[in-house]
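So the structure is just underneath, and the comments pick up after that.
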Amino acid sequence: MAEVSFGEWLKRQRKAVGLTQEQLAEQVSCSTSALKKIEAEERRPSAQIVERLAEIFNIPPNERTAFLRFARGDWASAPHETGGEIPWRASAISTRSNLPATATSLIGREKEIVDVHDYLLRADIRLVTLIGPPGIGKTRLSIESARTALPNFPADVFFVALAPLDDPALIAVTIAQALGYVGVRNISTNEQLKEGIGDKQMLIVLDNCEHLIEDVASLASGLLSACSHLKILATSRESLRIPGEWLYPVPAFDVPSENSFVDMETASNFPALILFAERARAVRPDFVLNAENIKTVSAICAHLDGLPLVIELIAARMRLMSPQALLERLNDQFILSADGMRTASTRQKTLQNAIGWSYNLLSDEEQKLFARLSVFSGGFMLEAAETIFPRTVSEKSVTDLIALLLDKSLLQRIPNERGEPRYTMLVTIQEFARERLRSMGEETEVHNWHLAYFLDLAERGDQETRGPKQIEWLDRLNAMSDNLRAALEWAIETRQTDTALQMARKLHWFWFVRGDHTGARRWLQRVLEMPDTPLHPEAYAEALTQLAHHNLQLGEKAAREARPFVEQALSVARTNNDRRNIDRALAMLGLVLADERNFAAAQSILEESKALYQEVHDEWGYAHAVICLVVQSEIQKDWATALALSQQALAGFQKVGDRYFQSVALRYIGRAYVNQGDVTNGVAALRESLILAQQLDNKFQIALVLWRSFAEAALRAEKTARAVSLISAAINVFQSIGAWMEDDDLLFENELVPCRAALGESAFAAAMEEGRAMTMEQAIAYALENQGG
């Protein structure tokens, strides 16, 4: 009698009753693609789908539990073929097993079960260790993987729970008891295990090895050496580190990203959502995952790192409140103290206990560094930890301690864009670590160390983001942006005015070149509102000028607010004879006056600024003053002057290696050519500008090139629908970064009046929709198409 997979069984049953995949999918309320994956054994069905299939195919009520196990990957419950039919009945497996029965369905581990099963079937793999942080579901995965492997181990499969043990001497005894061996007085338990197992084809699951890791490793190594057909499946928060070990890091459940679209059709792709819904329904029968609550449930699961244990603990609170109320309550203590089932082990009843179990196994130095590392936001590079914390360790280096925390699954390692390792803590683990830091009484001191390091990074980045290493440093600062924001937030919270001013002013060009004008304006306003900012005149003047600069990028209303800031900056700089900030403030005042259409005064001030930069041989500042003159020429629609000045600025920025302002200069060059009727040269310059902006990942600049440049070229080439689509796509990009202002709506409507008239309402609406449907990458590709604009 041949065993049949669930997918194959389902396919045959479907065909036997004359249903297509589409028809059956409709009956069980899932997509056709999902059903195809189930039949191809690429995916396991949810409990709800299994219940519906049981009804459709008339599975007897007393056999539906076995049917569910079979559908969820338990091959021991598979039906067998007899006489061409596939009657439903559980197979009789002769393998002896003490695998624990489970009271809840396993959700979302289909791939992992297949992976582990494949490992166990390989002749060259005899030890597999499932590793991962607390709450990831290692124990449950080991049980289901072992259950799947039952037919492959005729000499029995045994589960050994090591978590209750605190005496290493009991490990061998506990394994022997699980195997049913009776103690023999004249030989040790270790030897009895070796003799009893012998050459039997056996699988032993050793669950929760971390607290006895050295002794478990020694015993496992000895058994594997003596028993040639024995295989061991272990679960641990760190590896056993013995020869022949294969590690399988158990992943957290995928959760929808903050900006991704999730609906009822795509919800089944995220096991975290399905698990939450099932466990919530267990305590609240009327709960249903639906279009109204799916975004809230997604946010809850994302906040919980996709950790199965935590999702189960928090979902149980659904008996008391709505999903929205639950999301609003998700603070550190609420998550850490959420209680589980009465019968659960103490270490699994709350997340606090689960993480505390691992924390208590750390050495004193490991515990201290673990707590201190919680100061990082969004992860850290090894160099940062080594620089900040070397004074705090003595016996082992910071690098060695981080490696140990990584081994124990309390840190995660994620490569960055350049393949360099970045270390992170799961949010729930970090919350526990922060609690420990507070209890150590070091929170203020550690935050100040963190602030000092990232202020230094910001200062170096301020210089490097204007030169040939611009992209490298933009990437570096971007990778650390969460830490930079956290450091600045700490400086503001703790009223470190001078440090906050220094931090904000040094991040200005990073924000500017990334196009984050909205965020930059918010940060600079917060810092400038701190007490005693005028007592630090140099940083104060510079921050005021920078705030004006960002305001000028954000529409007419924000631009009108720029003048008081830059006039105050100029007054402070002149009072203190601060030549550097006088130059900067003059350039910005020139832009403000040009924006106000006071062209004569703007020209005079910008020429003065340019001369001052030339006096001190500041090549970057000089090129920037020239770019400011370009802006004035553009506003005046003096395209010949704008072209000449843009080409001069481009040469200056090429000399110093600033690629951002090369992109800006090329955009101005392209516009000047286009507005003089030379669309071919104009589009060539715009292509270079857009490619540079894409390399810099400056969405603000990308949107400007699409709207005020490529769209103009398309109109010149009489491709009105293309121009409308480009403008619509540009609006998408502006809105994605919060840079679309209220007054932009009126500007947009006015600019598109001729386009609407030329195309007619229907064609205009179609062109708008085409642009609106584009991603930023698609819009860039569309703009770069060789269509003469």
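Could you run through the stretch 491-525 and say how many residues are more than 27 Å from the chain's Cα centre (by Cα) and of a type in the set (Lys, Arg)?
So in the stretch 491-525, the residues more than 27 Å from the chain's Cα centre (by Cα) come out as 494-502, 505, 525.
From what is left, the residues that are of a type in the set (Lys, Arg) are 495, 505.
Count: 2.
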Residue check for SER358: of a type outside the set (Val, Ile, Thr), crowded, with 21+ Cβ neighbours inside 10 Å and either in contact with a strand residue (DSSP E or B) (Cβ under 8 Å, 6 or more places away or on another chain) or not in a helix (DSSP H, G or I) (or both): no
Search result, residues across the stretch 605-622 that are open to solvent by 10 Å² or more (accessible area, probe 1.4 Å) and of a type outside the set (Asp, Glu): ILE605, LYS610, ALA611, LEU612, TYR613, GLN614, VAL616, HIS617, TRP620, TYR622
In the stretch 382-404, the residues that are at pLDDT 90 or above, within 18 Å of ALA433 (Cα to Cα) and either among the β-branched types (Val, Ile, Thr) or not in a helix (DSSP H, G or I) (or both): ILE388, PHE389, VAL398, ILE402
Test for ARG659: is it open to solvent by 10 Å² or more (accessible area, probe 1.4 Å) and within 28 Å of ALA773 (Cβ to Cβ): no
Matching residues in the stretch 683-708 - criterion: being surrounded by fewer than 23 Cβ atoms within 10 Å (Cβ to Cβ) and not in a helix (DSSP H, G or I): ASP697
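Only one of THR680, THR641 is in a helix (DSSP H, G or I), within 28 Å of TRP620 (Cβ to Cβ), over 31 Å from the mean Cα position of the chain (by Cα) and among the β-branched types (Val, Ile, Thr). Can you tell me which?
On the way: THR680 fails: within 28 Å of TRP620 (Cβ to Cβ).
From the options THR680, THR641, the qualifying one is THR641.
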Breaking point among (1) modelled with pLDDT under 80; (2) crowded, with 17+ Cβ neighbours inside 10 Å, for ALA54: (1)
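Yes or no: ARG584 of a type outside the set (A, V, I, L, M, F, W, C) and open to solvent by less than 50 Å² (accessible area, probe 1.4 Å)? Outline the logic, then answer.
Numbers: of a type outside the set (A, V, I, L, M, F, W, C): yes; open to solvent by less than 50 Å² (accessible area, probe 1.4 Å): yes.
When the stated conditions are applied, ARG584 passes them.
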Enumeration of residues in the stretch 506-548 that are closer than 21 Å to ALA559 by Cβ and among the basic types (Lys, Arg): ARG514, ARG521, ARG522, ARG526
The listed residue being surrounded by 20 or more Cβ atoms within 10 Å (Cβ to Cβ), hydrophobic (A, V, I, L, M, F, W, C), touching a helix residue (DSSP H, G or I) at 6+ places or on another chain (Cβ under 8 Å) and closer than 29 Å to LEU784 by Cβ, out of ALA625, ALA672, ALA594, ALA602: ALA672
Among residues of the stretch 122-139, those that are closer than 21 Å to SER225 by Cα and open to solvent by 20 Å² or more (accessible area, probe 1.4 Å), counted: 4
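Across the stretch 263-292, which residue is nearest to the chain's Cα centre (by Cα) among those that are surrounded by 18 or more Cβ atoms within 10 Å (Cβ to Cβ) and part of a loop (DSSP other than H, G, I, E, B)?
Of all residues in the stretch 263-292, those surrounded by 18 or more Cβ atoms within 10 Å (Cβ to Cβ) come to 267-268, 270-280, 287, 289.
From what's left, part of a loop (DSSP other than H, G, I, E, B): 270, 287, 289.
Numbers: PHE270: 15, PHE287: 29, LEU289: 24 Å.
Among those that are surrounded by 18 or more Cβ atoms within 10 Å (Cβ to Cβ) and part of a loop (DSSP other than H, G, I, E, B), it is PHE270.
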Contacts under 8 angstrom Cβ, first residue in the stretch 464-478 being within 13 Å of ASP658 (Cβ to Cβ) and part of a helix (DSSP H, G or I), partner open to solvent by 70 Å² or more (accessible area, probe 1.4 Å) and basic (Lys, Arg), 6 or more apart: GLN470/ARG659; ILE471/ARG659; TRP473/ARG460
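Which is crowded, with 16+ Cβ neighbours inside 10 Å, modelled with pLDDT of 75 or more, over 31 Å from the mean Cα position of the chain (by Cα) and farther than 25 Å from GLY670 by Cα, of LEU759, LEU752? If you could, list the steps in order and put the result at the bottom.
Working: LEU752 fails: farther than 25 Å from GLY670 by Cα.
Exactly one of LEU759, LEU752 is crowded, with 16+ Cβ neighbours inside 10 Å, modelled with pLDDT of 75 or more, over 31 Å from the mean Cα position of the chain (by Cα) and farther than 25 Å from GLY670 by Cα, namely LEU759.
Please go through the stretch 1-55 and give me each residue that is among the polar types (S, T, N, Q) and free of Cβ contacts under 8 Å to residues at least 24 places away in the same chain, ordered by number.
Our first condition is that a residue be among the polar types (S, T, N, Q); within the stretch 1-55, this holds for 5, 13, 20-21, 23, 27, 29, 31-33, 46, 48.
Matches in the stretch 1-55: THR20, GLN21, GLN23, SER29, THR32, SER33, GLN48.
The values are calculated or read from the model by the stated rules, or taken from the named source; none is laboratory data. Since this is a predicted model, take the numbers as computed values, not measurements. When we count neighbours, we look across all protein chains shown, and the Cβ atoms used for this are built from the backbone with ideal geometry, even at glycine. Heavy atoms of the whole protein, side chains included, go into the accessibility calculation; ligands, DNA and RNA do not. Shrake-Rupley method; radii C 1.70, N 1.55, O 1.52, S 1.80 Å.
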